[in-house]
């Protein structure tokens, strides 16, 4: 047989096979949007995305979104523990996974954590830098005091508290719960399922 002929047959078979797969592939039913009352979208939650929220039972729930259907959020929580290895180290291992569901109207607050880890680290770093600047200023001031000069220089007096309070502000605003109600709302965007031709 001609290799060009076989190549063309394989292309057509691949094309029809992909068309067949698309017909039976599961469609995404919807996704969840966290937005401000003025309409600004803050975050989108769709299958595969990590979500952390507080339910009406005041317990914190977290996991990966599996699907959003019938005004319910289906998510998977993984119980991960550190297990010892043969070499004496420790390795994170998934002990169990739990498939859970929550009605969307039962979500009281969402822990919006887009940059919270980075924000907490930056805040801690700035606070540490502020304390270090104060310590350096005191040490230099005590050394200068022996020579009869002023204890603190102006740059250290201004820089240390500014760094410390900037770090405090960043640290406390990085991870905030977005309480559903007056300022924030959840909206389900439904994607219509494809109807099979009859």
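Could you tell me the center-to-center distance, by alpha carbons, between the stretch 40-61 and the stretch 77-98 in angstrom?
Using only Cα atoms to place each centre, the spacing works out to 25 Å.
Based only on other Cβ atoms within 10 Å, what is the fewest-to-most ordering of 164, 78?
Ordered by Cβ neighbours within 10 Å, fewest first: 78, 164.
May I ask you to compute the full-extension gain from residue 17 to residue 157, defined as 0.36 nm times their residue separation minus their alpha-carbon distance, rounded to one decimal in nm?
Separation in residues times 0.36 nm, less the Cα-Cα distance, equals 43.2 nm.
What residues of the stretch 85-105 lie in the reach of a label at residue 56, counting those whose backbone N is under 14 Å from a point 7 Å from the Cα along Cα→Cβ?
Flagged as within label range: 102-105.
So how do 106, 60 line up by other beta-carbon neighbours within 10 Å, fewest first?
Fewest-to-most Cβ neighbours within 10 Å comes out as 60, 106.
Along the Cα-to-C-beta direction of residue 183, a point sits 7 Å from the Cα; which residues of the stretch 36-65 have their amide N less than 13 Å from that point?
36-38
Quick check on the exposure proxy: order 133, 82 from fewest to most C-beta atoms within 10 angstrom.
Taking fewest neighbouring Cβ atoms as first place, the list is 82, 133.
Quick one: which of 62-71, 42-51 comes out on top by average Cβ neighbours within 10 Å, and what's the full order, highest first?
Top to bottom by mean Cβ count within 10 Å: 62-71, 42-51.
Values quoted throughout were computed directly from the atomic coordinates according to the rules given, and no laboratory measurement underlies them. Here the structure is a predicted model, which is why all the values come from computation and not from measurement. In this analysis, Cβ positions are derived from the backbone assuming ideal geometry, glycine residues included, and neighbour counts consider all displayed protein chains.
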